[in-house]
Amino acid sequence: MPVVLVIGAQWGDEGKGKLVDYLAQEAHLVARYQGGHNAGHTVVINDEMFVLHLIPSGILHEGTLCVIGNGVVVEPGCLLKEIQGLRQRGVRVSEENLLISARAHLIMPYHMALEAAQEAQRGSGRIGTTGRGIGPAYVDKAARVGLRMADLLRPQQFRQKLQANLEAANRQLKAMGGKGFSSQGIYEQYMRYAEALAPHITDTAEVLHSYIQQRKNILLEGAQGTLLDVDHGTYPYVTSSNASAGGACTGLGIGPTQVGHVLGVAKAYTTRVGEGPFPTELQEPLGHLLRERGGEYGATTGRPRRCGWLDLVALRYAVRVNGLSALAITKLDILDELKEIRLCTAYPLEGARLSSFPADAWALRHCRPQYETLKGWQQSTRGITRFEDLPQEAQVYLRTIEEYTGARVELISTGQRRQELIVLREQFRNGQEAV
Ligand code: GDP
């Protein structure tokens, strides 16, 4: 490998989970670097479905070390539930295969309450957050008052910081008509979490450096996607962290020169959850067809996703912003039935062609996407594992994506299962033999 970064090239839910699971077969270490338990990966192994929220999907592989990096915000109760759920299904989870950065920030109960109250106050201007306290936890991090995993291990320090934060949070909650929290209840609950999590908490950057030095295979797993990145996404309809490639360095404590390959994952079409502009969004009945065929409902929240044509303007932007070495295209099979397939190649706005992906939501909302229409293949691609076996029209579709974005397509997913995959990069083939 040795260090491969897998990133969402759209608005998240690109099917990264399946690819990370495939690539993790060869990895010695798999790490998450941003976001929280709002991310949801669905992985299907031997017809068994696993939904993971915080723990990297490498956990499903015997002998792979999983790391939750400093850039992730952790709700310890949810993490423990996820650990419990995996153990109940026979997956071994211990300090031998799951480490959490001592620098990772904690999501506290008042973060969730604050997020819900703030979102309710926004009314029609709501961002569409998942209400899990992730945004407010990152706010505390930037304001330098956040509680971290390291604090869990120092009860006295934890109590003092909690007290101070709670006073501020309760003031805000009451001002918004909500109820405050008692510090003792939270303290006792978090000390129970501390006991359960202590063996897993460590300096994960050190562990990563040692694996890098030994030239072991490392897989870095992004959550959400580039267009949800707090800096490069469709602000303000974004997540509170850096979901793009740069986030992997800050969120794990490694340098850009240590990342060897950056793989961007994109669906063969586009989806988006929550609010915000979406130029290629399809109305019914086509939007409905993609949603039903693609099972486009949030893995964590169950929310229906908005569906649309593949947006090559946005994808080319993702290639640039992340310095993508290559693309992986997923869910090709979802387009199997369509007679015609459209690809968005430009965004004219008020008569002028935009030369790049616009920074402001207004422009994205008002531009009129321009499309290239390709012939559909109208036959099944489900389970195809060789590029040559794809219908000619599907090959043209993939080549058009390459031409327009300037990035090579190295992996093509043709179904939910791990082996339903076309692997065009030699280096990634080993995993295919293992399935
Ligand atoms: P992630 O967060 O990016 O991993 O996205 P999700 O967990 O929402 O994954 C998308 C869903 O699509 C999951 O149910 C996957 O099993 C499924 N999936 C991934 N790749 C393919 C594919 O090529 N074809 C089909 N039909 N389903 C896929």
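If you count Lys pairs in the chain whose Cα atoms are under 16 Å apart, skipping same-chain pairs closer than 8 places in sequence, the total is 7.
Surface analysis of the chain yields an accessible area of 41 Å² per residue, using protein heavy atoms and a 1.4 Å probe.
Computed across the stretch 217-284, the Kirkwood radius stands at 13.5 Å (inverse of mean 1/r, all Cα pairs). Computed extension gain for GLN160 through ALA198, at 0.36 nm per residue and net of the alpha carbon distance, reaches 11.7 nm.
For the chain, with the dipole built from +1 on Lys and Arg beta-carbon atoms and -1 on Asp and Glu ones, taken about the Cα centre, which of PRO279, GLN378, THR345 lies farthest toward the positive end? Of the candidates, PRO279 comes out farthest on the positive side. The ARG417 and GLN84 beta-carbon pair, evaluated with R₀ = 22 Å, returns a calculated FRET efficiency of approximately 0.25. Projecting the Cα positions of GLY58, LEU335, ALA363 onto the charge dipole of the chain (unit charges on Cβ atoms of Lys, Arg, Asp and Glu, taken about the Cα centre) puts ALA363 furthest along the positive direction.
With the highest mean first, a sort of the peptides 153-162, 330-339, 70-79 on other beta-carbon atoms found within 10 angstrom per residue produces 70-79, 330-339, 153-162.
For the chain, the Cβ-based charge dipole about the Cα centre amounts to some 860 debye (Lys, Arg positive; Asp, Glu negative; other atoms uncharged).
Helix 76-88 and the longest principal axis of the C-alpha atoms of the chain enclose an angle of approximately 60°.
Placing MET176, MET149 in order of accessible area, with the largest value first and a 1.4 Å probe, yields MET176, MET149.
The P(r) of the stretch 204-254 has a tail past 16 Å containing 46 percent of all C-alpha pairs. Relative to the longest principal axis of the Cα atoms of the chain, helix 183-197 runs at roughly 60 degrees.
Counting only protein heavy atoms and a probe of 1.4 Å, the accessible surface of the chain is 47% carbon and sulfur. Using alpha carbons only, the radius of gyration of the stretch 139-222 set against its Kirkwood radius gives Rg/Rh = 1.12. Entry note, the chain: the mean residue ellipticity at 222 nm calculated from DSSP H runs of n ≥ 4, each adding -39500 (n - 2.57), is -10000 deg cm²/dmol after division by the residues and rounding to the nearest 500. Dividing the convex hull volume of the alpha-carbon atoms in the chain by its residue count gives 137 Å³ per residue. Across the stretch 105-200, the relative contact order, built from alpha-carbon pairs under 8 Å that are at least six residues apart, equals 29 percent. A Förster radius of 30 Å, combined with the Cβ-Cβ distance separating VAL396 from LEU286, puts the computed FRET efficiency at roughly 0.90. Note on ARG368 and GLU48: with the Förster distance fixed at 51 Å, the Cβ-Cβ geometry gives a FRET efficiency of about 0.70.
The values are calculated or read from the model by the stated rules, or taken from the named source; none is laboratory data. Note that the coordinates shown come from a computational prediction; the quantities given were computed from them, not determined experimentally. Every residue, glycine among them, receives a Cβ derived from its backbone with ideal geometry; neighbour counts consider all protein chains shown. Just the protein is used for accessible areas: all its heavy atoms, side chains included, with ligands, DNA and RNA removed. Shrake-Rupley method; radii C 1.70, N 1.55, O 1.52, S 1.80 Å.
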